[in-house]
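Below is one structure; the comments refer to it alone.
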Amino acid sequence: MNQFSVETTNITSSGIKKHFKKYINTPEQVIFELVANGFDAKATTVNVITEGDIGTNQVVVLDNGVGINAEDKHKHFSCFNDSQKANDNNTQGAHGRGRLSFHLICDRADWYSRCNGKDIQISISSDDLVHYNLSRLSTSEQKHELIKSDSGTYVELNRFEKNLPENDKLVSKLQCEFGWRLALNKNLKLFVNDVEVKVPSHKLHTKTFEFEDDKFDISLIRWQQRPGSEKSKFYFVNSDGRVKYSGNTSFNKKSGFYLSTYVQSNWINRFEAVPLTLDFNGNNDGKEPAGPRSKAYSELINHIKMVGLEIYTEFLTAQIDEQIEKYEEDGFFPEYQNLNDIDAKWRRKNLKSIIKEIWLAEPSTFSNLKLKAAKIIISLLDRLIVSNENDSLMSILESVMELDEEKLNRLNNVINKTTLENIVSTIEMLQRREDVVKKLEYLILERYQEVLETPHLQKIIEANTWLFGEQYSLIGAEEDDFQKIAINLREKVSKLDDLNITDLDPIDISEGLQVEGVRRQVDLFLARRKKEYENGKPYFKCTIIEIKRPSVALNKTHLRQLQDYSEIISAHPGFSSQNMRFEFILVGRKVSSSDHGINLAWNSCQSHNETGLVFHAPTMKGYVKTWATITKDFELTNDYLLEKLKTNRDSYENEASKDIISDLQQKSA
């Protein structure tokens, strides 16, 4: 050590400490500042090394940057809150403050640095931040890490009063703070105790924009978490990976949305934030100067804004869909107990569309809403959109939401259009369903002897489960486990598949029904399970549909078999949970003219006002329905709409059975 001097900063020690009060509870901020200084000094690699088994004893921050020039010490250490980096878009440090932040966690900091072959050491104590010691070092006195890299800075912190976060947490915090920078320049590396800090979780969008003869490669990164203290910005990056220019975007106040945009092109290589040429008519290659006042800049920024808005809308839509689903699970949507299932389904879908559009137009409407308030608003919107007061709804929204003309027009169109679209889709669905009902009725009642093969009727039923009630219209595909267990338990029901003369109606026999032909037919079986909610609480609704072969007439034996099956199911340990509810539906072409058991069961359950109900328990219900009952239920439920549609009643007498079957096997709405 051949030269030593004491230098002074231009602010008092207490004045310096006052600037760091906001970081008093975030000791990692000290490391952030030192790492940022390393990258700002053109380092490609920064290493953070911590020591201490219990607590923090020592920290080293090593970078391979250009080092500290002793001749420019006044630019680095003599000035506080005033730095040569202040107007540099490529820097991240605290512009003259960060180097003194060490006093928040320890008593002493030493900077060992090599720049242009010259070695120095700068030492500062936390009890006197005004003065610092600068020593010129010989090669033998310099840290060997700096000798090896030939330039850089080695910062050593000692005598700790506060501990840094544990290694994993420190890596995570550094990842959040510097992730945008690591993503921006693939050549930069950051390590904590030999663990590389990776770019944090994100979604990358790449776009290309062309203006006149210039092509721009745009990378937009949407972060899962806010990238440290960095705002949502755009960065112009030259071919060396350095930021030549940056600016804020309009997405900085979007809750949970963090977007960094990086642009590269030859145009950016010649970009000048402050033009250094007086050639206002163009430069030597005849092109307009590349700067913030150019037409290319204006068009580029507009394109960045447009693409960013598309990404934000995609992000917001996903957030809204998720929250609306949660509202529904929590019971925030009206139950529509006085509506049939078709109308209830339409109302709920319509309400969701309106909520979504209002939310998209003004995200703050629901984003910070308390749960009780959200439930009230959802109920009020539900009433408004079906009360012929659409104009009033728009007036209310317009008066409280600051929307531009484009958003206002879109919201108005959606409110007016949603109703029409839902009406049209409902009409189309009813037309298709009516066609299914009439064809199936004709097939079962008039041509039942021709419907011999199981696949025929099985596929028809699977494609049209709504036939047994609107509540079954959303039954999904088979779940193998439930289906297999249900079938195995079905086999325990005594003589369930046996066929004898008592299963046939005497009237049918007298009309020529052949018993041997009936034996070629088999019963159909459908078991499904789906998750539903009641008052916000989930449960599994299990539906088991037993369809007797078309030639069989239902009687008390079949009713007894249905009851036996329900008892076997209830006794099964896998099905005994209170969170499971069962509905058993027995369907046949007709009830035997000689049977009274089924009619008595229907009469005993009339007080429940449910068509076909034959027994009722807390977690179980049983139904017996005929195809005539099913088709008439559909007509009665939709009588008004069907009348308004003036639907033509087609005759199928001249249509082949195979063609009717083929059409019915196409899944309807």
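The values are calculated or read from the model by the stated rules, or taken from the named source; none is laboratory data. Everything numeric in this text was worked out from a predicted model, so none of it was measured. Methodologically, a virtual Cβ is constructed for each residue, glycine included, from the backbone with ideal geometry; neighbour enumeration extends over all protein chains shown.
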Legend entry - Of all residues making up the stretch 562-619, the number that are among the hydroxyl-bearing types (Ser, Thr, Tyr) and over 26 Å from Ile444 (Cβ atoms): 6
Legend entry - Hits in the stretch 293-347 (condition: surrounded by 15 or more Cβ atoms within 10 Å (Cβ to Cβ), out of contact with any strand residue (DSSP E or B) (no Cβ under 6 Å at 6 or more places or on another chain) and more than 30 Å from Gly256 (Cβ to Cβ)): Ser294, Tyr336, Asp341, Ile342, Asp343, Ala344, Lys345, Trp346, Arg347
Legend entry - Residues of the stretch 183-231 that turn out to be of a type outside the set (Lys, Arg) and either under 27 Å from the mean Cα position of the chain (by Cα) or on the phi > 0 side of the Ramachandran plot (or both), as a count: 25
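With the stretch 577-669 as the region, which helices (runs of 4 or more DSSP H) entirely inside it contain at least 1 residues that are among the hydroxyl-bearing types (Ser, Thr, Tyr), more than 30 Å from Gln563 (Cβ to Cβ) and modelled with pLDDT under 85?
In the stretch 577-669, the matching helices (runs of 4 or more DSSP H) lie at 639-645, 657-664.
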Legend entry - Every residue from the stretch 301-329 that is over 24 Å from Ile218 (Cβ atoms) and among the basic types (Lys, Arg): Lys326
Legend entry - Residue under evaluation Glu156, criteria (1) of a type in the set (Asp, Glu); (2) in a strand (DSSP E or B); (3) more than 14 Å from Trp111 (Cα to Cα), criterion not met: (3)
Inset, instruction - Name the helices (runs of 4 or more DSSP H) wholly inside the stretch 499-576 in which the number of residues that are modelled with pLDDT under 60 and either out of contact with any strand residue (DSSP E or B) (no Cβ under 7 Å at 6 or more places or on another chain) or assigned by TED's automatic domain parsing to the domain that holds Ile598 (or both) is 2 or more. - result: 506-510, 515-519
